[in-house]
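What follows is a short report on a single structure.
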Amino acid sequence: QVQLVESGGGLVQAGGSLRLSCAASGNIFSINTMGWYRQAPGKQRELVAAITSGGITNYADSVKGRFTISRDSAKNTVYLQINSLNAEDTAVYYCAAEFYTDSFTTKETWGQGTQVTVSS
């Protein structure tokens, strides 16, 4: 019943920027943590960035200083500002959320992904 919808991916030249958005909707009591993962061809999915309901963030070492995660809790939306893109950033980016359906029950869900392709 809960859906995450990503947007903002596309084709960009190396050195460029993108801003990804992920909006959660459905039967959500509250969201604990939202984050972004990515999966490149032939590689496993990896955590890119995450943010808690209190605004605490963490990033993969490879994106520190270039990516910024932010959140609008009132809208159940998380963003990923991606700067200084390089070829290694090419991947499908997935939004994920850990949320409460009520005061006691937690679940997680994933979006369908948005493609980011960096050209040289």
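The values are calculated or read from the model by the stated rules, or taken from the named source; none is laboratory data. Every value quoted in this text rests on a predicted model; they were computed, and no experiment measured them. Reconstructed Cβ throughout: ideal geometry from the backbone, glycine too, with neighbour counts over all protein chains shown. Please note that ligands, DNA and RNA were not included when accessible areas were found on the heavy atoms of the full protein model with its side chains. Shrake-Rupley method; radii C 1.70, N 1.55, O 1.52, S 1.80 Å.
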statement: GNM on the chain, Cα springs under 10 Å; top mean-square fluctuation among THR106, THR68, THR57 goes to THR106
task: May I ask you to derive the FRET efficiency for ALA60 and THR101 from their Cβ-Cβ distance with R0 = 25 Å, giving the value to the nearest 0.05?
output: 0.30
message: If I build a Gaussian network model for the chain, linking alpha-carbon pairs within less than 10 angstrom, which residue out of ALA96, ALA14, ALA24 has the largest mean-square fluctuation?
response: ALA14
message: Between SER70 and ARG19, what is 0.36 nm times their sequence separation minus the Cα-Cα distance? Round to one decimal in nm.
response: 17.3 nm
- request: Check the straight Cα-Cα distances from LYS64 and name the lysines below 21 Å, setting aside those fewer than 8 residues away within the same chain.
  value: LYS43
statement: Listed by chain and number, the residues whose amide H is under 5 Å from that of ASN32, excluding neighbours fewer than 5 places away on the same chain and using placed H, are GLU98, PHE99, TYR100
- prompt: Which entry is the computed Cα extents along the principal axes in Å for this structure: (i) 49, 28, 24; (ii) 48, 24, 23; (iii) 39, 26, 25?
  reply: (ii)
query: Which percent, nearest 5, of DSSP beta bridges in the chain are antiparallel?
result: 90 percent
field: Simple label model, 7 Å out from Cα along Cβ direction - SER119 to GLU88, nm
entry: 2.3 nm
- prompt: Tell me, what is the 1.4 Å probe accessible area of THR33, in Å² to the nearest 10?
  reply: 40 Å²
message: Using Cα-Cα distances under 8 Å and only pairs 6 or more residues apart, what relative contact order does the chain have, in percent?
response: 37 percent
task: Read phi for every residue in region 71-82 and hand back ³J(HN,Hα) as whole Hz from Karplus 6.51 cos²θ - 1.76 cosθ + 1.60, θ = phi - 60°, with x for Gly and Pro.
output: 8, 10, 5, 5, 9, 6, 10, 10, 10, 9, 8, 10
statement: Per GNM of the chain with C-alpha springs under 10 angstrom, the most fluctuating residue out of SER62, SER103, SER21 is SER103
